[in-house]
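Below is one structure, written out as structure tokens, with a few remarks after it.
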Amino acid sequence: QVQLVESGGGLVQAGGSLRLSCATSGGTSSSYAMGWFRQAPGKEREFVAGVTWTGSTTAYADSVKGRFTISRDNAKNTVYLQMNSLKPEDTAVYYCAADPSSRWYIRRLRHQYDYWGQGTQVTVSS
């Protein structure tokens, strides 16, 4: 099965930037759609961004459009989330996930993803 490990989280001031990485191994994860989700205290886990296996198609939650960019490097078996213009409301645990059932489109629901990392904390201070 696929193993996912996130890194790059931390504490940043509002307006700053962070880049999250998700290293993948096992299976054929390079052919999977990949997504980033986040969960803030007291809130449900929500879709943030997704990318197809080719990297040519992306999708974003409305709350992060224009600020976040998802990308992937299949040669490195890694997916990234570049987060710019961070806001305090972006504070959450960020998870990467793999969707082995979708190559050509991006799905947005948690139960549609089969593999998950442990998460990395992002804290944005004002």
Intensity falloff of the chain expressed as log10 I(q)/I(0), Debye formula with alpha-carbon point scatterers, at q = 0.10 Å⁻¹: -0.26
Relative contact order (%) - segment 1-72, alpha-carbon pairs under 8 angstrom, separation at least six: 21 percent
Amide proton proximity set for Tyr115, modelled H, under 5 Å, gap of 5+: Ala98
Amide H partners (placed H, <5 Å) of Gly27, local residues excluded: none
Other-chain or far-sequence residues with amide H under 5 Å of Val2's (modelled H): none
Residue-normalised accessible area of segment 13-126, expressed per residue, 1.4 Å probe, Å²: 50 Å²
For segment 1-97, size of Cβ-based charge dipole, Lys and Arg +1, Asp and Glu -1, in debye: 120 debye
DSSP-assigned coil residues among chymotrypsin sites (Phe, Trp or Tyr not before Pro) in segment 54-86, each with at most 15 further Cβ atoms within 10 Å: none
Carbon/sulfur fraction of accessible area - the chain, other protein chains in place, 1.4 Å, %: 46 percent
In order through segment 13-18: 3J(HN,Hα) via Karplus (6.51 cos²θ - 1.76 cosθ + 1.60), integer Hz, x for Gly, Pro: 7, 3, x, x, 9, 9
Net charge dipole size for segment 72-126 [Lys, Arg +1 and Asp, Glu -1 on Cβ; Debye, nearest 20]: 160 debye
Farthest positive-ward along the chain dipole, Cα basis, beta-carbon charges - from Val51, Tyr94, Leu109: Val51
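The values are calculated or read from the model by the stated rules, or taken from the named source; none is laboratory data. The shown structure was predicted, so the numbers you read here are calculated from the model rather than taken from an experiment. Note: ideal-geometry Cβ built from the backbone for every residue, glycine included; neighbour counts use all protein chains shown. Please note that ligands, DNA and RNA were not included when accessible areas were found on the heavy atoms of the full protein model with its side chains. Shrake-Rupley method; radii C 1.70, N 1.55, O 1.52, S 1.80 Å.
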